[in-house]
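Q: Sharing a structure here in structure tokens format.
The values are calculated or read from the model by the stated rules, or taken from the named source; none is laboratory data. This one's a predicted model, so the numbers in the text were calculated from it and none came from an experiment. Counting neighbours? That spans all protein chains shown, and the Cβs are built from the backbone with ideal geometry, glycine included. Heads up: the accessible areas ignore ligands, DNA and RNA and are worked out on the full protein's heavy atoms, side chains in. Shrake-Rupley method; radii C 1.70, N 1.55, O 1.52, S 1.80 Å.
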Amino acid sequence: RYRVRPTSVVDLACGTGNVTFELARRDYLVVGVDNSPGMLDEARRKQGGFPRPVEFVQGDLRELQLPHRFDAALCLYDSLNYVTEPSQVAAAFRGVRSVLREGGYFIFDVNAEHAFEAELFTQDNLRYNEDLKYVWKSEYNPTSRLCQVWMHFEVLDEAEPKRFSERHCERCHSSDELRQWLREASLDPVGEFEAYTFRKPRGASERLFFVARAR
């Protein structure tokens with residue numbers, strides 16, 4: 001769409017490496033970056049079944065320091081919604097710019113406002129016969145723009161069921177805010193789309209993808 005063909009890609013907030021490995025399969029020169037040692041340990045464990053080495057680096061988006069720059073950067077799975085302070089999102093964008101070449105592209109996604117307002121994160125899979133059961137309950141505060149999600153899990157494929165819970169917190173970043181922070185970081189917004197399409201965002205869009213170009 002933008003007539004560019006990147007060869008090197010940095011996968012930011014890569015988690016356990018699912019996207020990183022897929023990029024490597026497609027012959028990109030790829031590095032995965034995440035701030036969680038546990039996630040990276042799992043990514044490196046998966047690497048044992050991968051035909052060639054993939055580099056994983058621990059790093060915080062807000063303070064990125066990598067030895068070389070890339071043609072493109074990805075940050076997927078609403079990772080930026082987990083950065084709940086606006087000043088820190090702006091810092092993360094500056095970090096992204098620091099690892100991109102001039103003219104490089106940054107692609108990321110965020111959960112859109114409709115997803116929070118409609119409480120789409122209140123869900124469960126109890127009606128399915130799965131080895132992992134879950135119940136999620138979300139609460140969104142439109143004033144603070146923060147969404148709390150309490151997640152309860154039960155693993156059934158063991159001698160005794162294992163139960164654990166997590167609390168996730170995301171912020172609803174507006175498109176205007178994101179575009180402003182991008183520009184301030186010398187990243188020019190060039191595209192904004194409804195997830196998995198090239199359609200313009202709608203009021204009912206649940207997830208948005210942004211494309212920005214480094215200047």
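Q: Sort 145-151, 121-127 for me by packing, meaning the mean count of neighbouring Cβ atoms within 10 Å per residue, highest on top.
A: Output ranking for 145-151, 121-127: 145-151, 121-127.
Q: List the lysines whose Cα sits under 18 Å from the Cα of residue 133, skipping any in the same chain fewer than 8 residues away.
A: 162
Q: Report the gain in length on full extension from residue 50 to residue 2: 0.36 nm times residue separation, minus Cα-Cα distance, nm rounded to one decimal.
A: Using 0.36 nm per residue and subtracting the Cα-Cα distance, I get 14.2 nm.
Q: May I ask you to order 86-92, 63-69 by the average number of other C-beta atoms within 10 Å around their residues, highest value first?
A: Highest-to-lowest ranking by the protection proxy: 86-92, 63-69.
Q: For an R0 of 25 angstrom, estimate the FRET efficiency from the Cβ-Cβ distance between residue 186 and residue 68 and round to the nearest 0.05.
A: On the way: r = 18 Å, r/R0 = 0.73.
So, using R0 = 25 Å, E works out to roughly 0.85.
Q: Quick check for me: using +1 on Lys/Arg Cβ and -1 on Asp/Glu Cβ, what's the dipole size of the chain about its Cα centre, in debye to the nearest 20?
A: In total the dipole reaches around 960 debye.
Q: Can you order the peptides 191-197, 101-107, 1-7 by their average number of other Cβ atoms within 10 Å per residue, highest first?
A: Averaged packing, sorted descending, gives the order 101-107, 191-197, 1-7.
Q: Let me ask something additional. Could you give the Stokes-Einstein D for the chain in µm² per second, using the C-alpha Kirkwood radius, 20 °C, 1.002 mPa s? Could the numbers behind the result be given before it?
A: Working: Rh = 18.5 Å.
Answer, rounded: 116 µm²/s.
Q: Follow-up question, since we're still on this one. Please give the FRET efficiency for residue 153 paired with residue 179, using the beta carbon to beta carbon distance and R0 = 30 Å, rounded to the nearest 0.05.
A: 0.25
Q: Where the convex hull is taken over the Cα atoms of segment 1-125, what is its projected area averaged over directions, in nm²?
A: 9.6 nm²
Q: For segment 65-138 and segment 20-52, what is the centre-to-centre distance using only Cα atoms, to the nearest Å?
A: 18 Å
Q: Put a dot 7 Å past each Cα toward the Cβ at residue 102 and residue 41; how far apart are the dots in nm?
A: 4.3 nm
Q: What full-extension length gain, to one decimal in nm, is calculated for residue 137 and residue 123 as 0.36 nm per residue of separation minus the Cα-Cα distance?
A: Between residue 137 and residue 123, full extension yields an extra 4.4 nm.
Q: Once the Cβ-Cβ distance between residue 163 and residue 195 is put in as r, and R0 is 30 Å, what FRET efficiency do you end up with, to the nearest 0.05?
A: It comes to 0.40.
Q: Ordered by residue, what ³J(HN,Hα) values in Hz, to whole numbers, does segment 99-108 give under the Karplus form 6.51 cos²θ - 1.76 cosθ + 1.60, where θ = phi - 60° and Gly and Pro are x?
A: Residue by residue, segment 99-108 yields 10, 9, 6, 4, x, x, 10, 10, 10, 8 Hz.
Q: Quick one: divide the alpha-carbon radius of gyration of segment 140-215 by 2.2 N^0.38 Å and tell me what you get. Kindly include the intermediate steps, with their values, before the conclusion.
A: Numbers: Rg = 18.2 Å, N = 76, 2.2 N^0.38 = 11.4 Å.
Cα-based Rg divided by the globular estimate yields 1.60.
Q: Just the number, please: carbon plus sulfur as a percent of the accessible area of segment 70-215, 1.4 Å probe, no ligands or DNA/RNA counted.
A: Solvent-exposed carbon and sulfur of segment 70-215 make up 48 percent of the total.
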